[in-house]
Amino acid sequence: KSLIEYAAALQNVTTFGDEQIIQAASQLATYQLNEKAIAAVLPRLLDMTSSTGTLEGNTIALGKAFTGQIGSLSRYGVVIDKAKLEIARSKGVHEEFNFIIQQLDNNYKGLAETLALTPVGQLDQMENEISDLNEELGRLGLPFLKQWTELKLSLTEFASWIGILMEELQKRSG
């Protein structure tokens, strides 16, 4: 639940929709990243995607980087000092994770939020708000639609019963 809320918060300050962010978080989880790690990676992922690549492609690249395949990031322009990476690796997984996060920040930090402040970014944010409004209207309207469907089914059954009754009456009177 907290990653879902975090995705909504990121939507408010970037051009990415919360559903896109949730999908990326789910994909990151397949790389054995825990919730805390995913929360740390998401804003960096959005910053990176604001500059280059697609959200899905960048999610895969970051997932691979956090599982030791750091070379995948070089294709996206992330410069990694291999000697410093080896030093971080020698200190453990936590240090390696923090090192990669720092390298992403060095390349892209704040880009997603900055893009959201542009006229085009503000239009994207408005589209996200409209999408959220449509979701909410759909959620609120669902009980009504269910009742409407049940009423139509009942009326169809009733009309069928009336038709049978009318046929019977015509047979008896005719």
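Here are the numbers for the structure shown:
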item	result
For segment 98-149, radius of gyration divided by Kirkwood radius, i.e. Rg to Rh on alpha-carbons	1.35
Pairs from LYS64/LYS91; LYS1/LYS84; LYS36/LYS82; LYS1/LYS146; LYS36/LYS146 whose Cα-Cα separation, in the structure shown, is over 31 Å	LYS1/LYS84; LYS36/LYS146
Net charge contributed by nearby residues that have their C-beta within less than 11 Å of ASN58 (K/R +1, D/E -1)	+1
Whole-number accessible area per residue in Å² for segment 20-164, which is evaluated in the context of all protein chains at 1.4 Å	63
Long-range Cα-Cα pairs in the chain (distance over 27 Å), rounded percent	45
Segment 33-86 shape via C-alpha gyration tensor axes, a/c threshold 1.5	oblate
Extended-chain gain in nm, criterion 0.36 nm per residue less alpha-carbon gap, VAL13 and ASN134	41.6 nm
Percent accessible area from carbon and sulfur atoms, segment 1-133, protein chains only, probe 1.4 Å	56
Two-site label geometry, GLU95 and LYS64: point separation in nm, points 7 Å out along Cα→Cβ	2.6
Extension gain (nm, one decimal) between ILE164 and THR118, 0.36 nm per residue minus Cα-Cα	10.0 nm
Burial ranking of peptide ranges 89-99, 155-165 (average Cβ count within 10 Å, highest at the top)	89-99, 155-165
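The values are calculated or read from the model by the stated rules, or taken from the named source; none is laboratory data. No experiment lies behind these values; they were computed from the predicted model shown. Please note: Cβ atoms are built from the backbone with ideal geometry, for glycine as well, and neighbour counts cover all protein chains shown. Heads up: the accessible areas ignore ligands, DNA and RNA and are worked out on the full protein's heavy atoms, side chains in. Shrake-Rupley method; radii C 1.70, N 1.55, O 1.52, S 1.80 Å.
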